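The values are calculated or read from the model by the stated rules, or taken from the named source; none is laboratory data. Everything quoted here is computed from the prediction, not taken from an experiment. In this analysis, Cβ positions are derived from the backbone assuming ideal geometry, glycine residues included, and neighbour counts consider all displayed protein chains. Remember, those area values only see protein heavy atoms, side chains included, never the ligands or the DNA or RNA. Shrake-Rupley method; radii C 1.70, N 1.55, O 1.52, S 1.80 Å.
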Amino acid sequence: SGRARLYLSVGRAEREPARNDLLEGEDDLTTPVDLTAVRPEQVIDVELGGDFRSEQFSLRGNLYAMEFRHEIAATGEQSALGYAIRRNLPRSHRRGIELEVAWQAATRLTVRGTANVAENRIERWTQELDVYDAAGEWIGRARRTFRDTRPALSPERIVGASLEWRPLDPLVVELSGRWVGRSQLDNTGDRRLSADPYAWSDLAVRLDLAPWVSLGR
């Protein structure tokens, strides 16, 4: 036997730009900057989810749609100091599904898994590029507009799993791993400017000293 639950959540939020956003990563300003160039971000978040729990098994699923206006997001540009530059995306969205599952396979063995599958899109993105002549002199700026592109640094597929074993009450051994899908390095949608999918694994051992140390955990 178990317990199931459904929920619906609708929210609206606003986020102010950070100092680096307003100053484009510069610390020592030598020329005036436009402090209104990056506007506050607005988002409407709608989530429909549910979960089921029993003594040995739990499952949680969540459908979400985040509709942004003026999203403050990385563009792939960097300042002279190496900071990631963030600008407003006029309209964008992030929609997907999140899943979490846990199974108590044995008294001292727990298996967990997570997944996030999404569609992240920018409705329209205008990129400005500096143009130089053959002598290296700056001659102006050029604009390129892209539509329905993936935002930078926002992979659409993330899958994780872990195995936790407790051979003794104070001792926990956990093996975990994650796979992350392809991620764009800028907002143009060019596959050549993207990071390949990658995976990592981690082995952790935790020992609680409370049985031997009386001062605390």
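A few points about this structure:
- Applying a threshold of 9 Å to beta carbon distances and a minimum spacing of six or more residues, or different chains, the list of pairs starting in segment 134-157 at a residue that is closer than 22 Å to Arg191 by Cβ and ending at one that is open to solvent by 100 Å² or more (accessible area, probe 1.4 Å) and assigned to a loop (DSSP other than H, G, I, E, B) reads Glu156/Arg150.
- Filtering segment 174-194 to residues that are in a strand (DSSP E or B) and either surrounded by 14 or more Cβ atoms within 10 Å (Cβ to Cβ) or at positive phi (or both) leaves Glu174, Ser176, Gly177, Arg178, Trp179, Val180, Ser183, Gln184, Ser194.
- Subset of segment 173-188 (residues that are in contact with a Leu (Cβ under 8 Å, 6 or more places away or on another chain), among the hydrophobic types (A, V, I, L, M, F, W, C) and free of Cβ contacts under 8 Å to residues at least 60 places away in the same chain): Val173, Leu175
- Residue match in segment 129-144 (condition: hydroxyl-bearing (Ser, Thr, Tyr) and open to solvent by 70 Å² or more (accessible area, probe 1.4 Å)): yes
- Restricting attention to segment 133-148 and to residues that are part of a strand (DSSP E or B), over 21 Å from Arg91 (Cα atoms) and of a type outside the set (A, V, I, L, M, F, W, C), the residue that is modelled with the lowest pLDDT turns out to be Arg141.
- Qualifying residue in segment 112-132 (condition: within 27 Å of the chain's Cα centre (by Cα), at pLDDT 95 or above and not in a strand (DSSP E or B)): no
- Across segment 42-83, the number of residues qualifying as at pLDDT below 95, surrounded by fewer than 16 Cβ atoms within 10 Å (Cβ to Cβ) and more than 30 Å from Ser1 (Cα to Cα) comes to 5.
- Matching entry among Thr31, Thr114, Thr107, Thr36 (being free of Cβ contacts under 8 Å to residues at least 12 places away in the same chain, within 30 Å of Leu163 (Cα to Cα) and open to solvent by 50 Å² or more (accessible area, probe 1.4 Å)): Thr107
- When Ile97 is tested against (1) touching a residue at least 40 places away in the same chain (Cβ under 8 Å); (2) open to solvent by less than 70 Å² (accessible area, probe 1.4 Å); (3) in contact with a strand residue (DSSP E or B) (Cβ under 6 Å, 6 or more places away or on another chain), just one condition goes unmet, and that condition is (1).
- Failed item in (1) surrounded by 14 or more Cβ atoms within 10 Å (Cβ to Cβ); (2) modelled with pLDDT under 95; (3) in a strand (DSSP E or B); (4) among the charged types (D, E, K, R), with Arg166 passing the rest: (2)
- Picking from residues in segment 174-217 that are over 30 Å from Gln127 (Cα atoms) and among the acidic types (Asp, Glu), the one that is nearest to the chain's Cα centre (by Cα) is Asp202.
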